[in-house]
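Q: Quick one: structure below, then a few questions.
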Amino acid sequence: MPVKILMVCLGNICRSPLAEGILRSKLDSNFIIDSAGTGGWHAGESPDQRSIETAKQNNIDISHQKARKFSIADFDSFDYIYVMDQSNYKDVINLSPNKAAKAKVALILSDSKEVPPYYGGQEGFENVYYLLDQACEEIAKNLSSKK
């Protein structure tokens with residue numbers, strides 16, 4: 001049975017779609033990777049064009065993704081839930097139905113660091129790509145060693 005991983009940010013159009021694409025590029029078909037947002041106002045939309053371009057510059061295609069809102073059912077559907085910042089962490093933890101669900105949730109960056117939201121120009125997107133690429137490399141190594 002494949003391992004299922006969910007990436008979560010606020011609107012699911014910038015950070016989490018990029019994290020989904022990066023991690024998918026590092027793992028094989030034994031893993032299912034998806035993304036969601038704690039807010040649903042972008043549901044059905046494609047990722048931000050700047051995220052699509054940043055991914056494309058790194059040979060990753062995220063243009064097919066569509067935003068969706070995180071739901072309580074995601075706790076049952078996914079083995080690991082990685083969130084981008086403390087606010088998303090609190091939102092997801094507050095929805096968790098039990099201790100087992102809470103145990104699935106972690107900040108994607110170690111040492112309680114946060115993936116910053118996208119403010120500013122292209123440089124901000126490239127910085128977030130760099131942070132997520134490093135984090136996804138670690139996640140991929142850890143998960144692959146468990147298989």
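Q: State which residue pairs qualify: first residue crowded, with 16+ Cβ neighbours inside 10 Å and inside the range 46-60, second residue hydroxyl-bearing (Ser, Thr, Tyr) in any location, beta carbons under 6 Å apart, and separation of 6 or more residues or different chains.
A: Cβ pairs passing all conditions: Ile52/Ser63; Thr54/Tyr129; Ile60/Ser25.
Q: Can you tell me which residue within the range 103-116, out of those that are surrounded by fewer than 16 Cβ atoms within 10 Å (Cβ to Cβ) and of a type outside the set (A, V, I, L, M), is nearest to Leu143 (Cα to Cα)?
A: Ser110
Q: Same structure again: If a residue has to be of a type in the set (A, V, I, L, M, F, W, C) and surrounded by fewer than 14 Cβ atoms within 10 Å (Cβ to Cβ) to count, how many in the range 61-96 make the cut?
A: Of the residues in the range 61-96, the ones of a type in the set (A, V, I, L, M, F, W, C) are 62, 67, 70, 72-73, 75, 78, 81, 83-84, 92-93, 95.
Right, trim to surrounded by fewer than 14 Cβ atoms within 10 Å (Cβ to Cβ) and you get 72-73, 93.
The total comes to 3.
Q: Would you point out which residue out of Asp28, Asp34 is within 22 Å of Asn142 (Cβ to Cβ), outside any helix (DSSP H, G or I) and free of Cβ contacts under 8 Å to residues at least 12 places away in the same chain? Give the derivation first.
A: On the way: Asp34 fails: free of Cβ contacts under 8 Å to residues at least 12 places away in the same chain.
Criteria check complete, one pass: Asp28.
Q: Within the range 126-146, is even one residue at pLDDT below 95, out of contact with any Gly (no Cβ under 9 Å at 6 or more places or on another chain) and open to solvent by less than 20 Å² (accessible area, probe 1.4 Å)?
A: yes
Q: Could you tell me which numbered condition Lys99 fails, if it satisfies all but one of (1) open to solvent by 60 Å² or more (accessible area, probe 1.4 Å); (2) in contact with a helix residue (DSSP H, G or I) (Cβ under 7 Å, 6 or more places away or on another chain)?
A: Failing condition for Lys99: (2).
The values are calculated or read from the model by the stated rules, or taken from the named source; none is laboratory data. Computed from a predicted model, the values in this text were never measured in an experiment. Cβ: placed from backbone, ideal geometry, glycine included. Neighbour counts: every protein chain shown. Just so you know, the surface numbers come from the protein's heavy atoms only, side chains and all, with ligands and any DNA or RNA stripped out. Shrake-Rupley method; radii C 1.70, N 1.55, O 1.52, S 1.80 Å.
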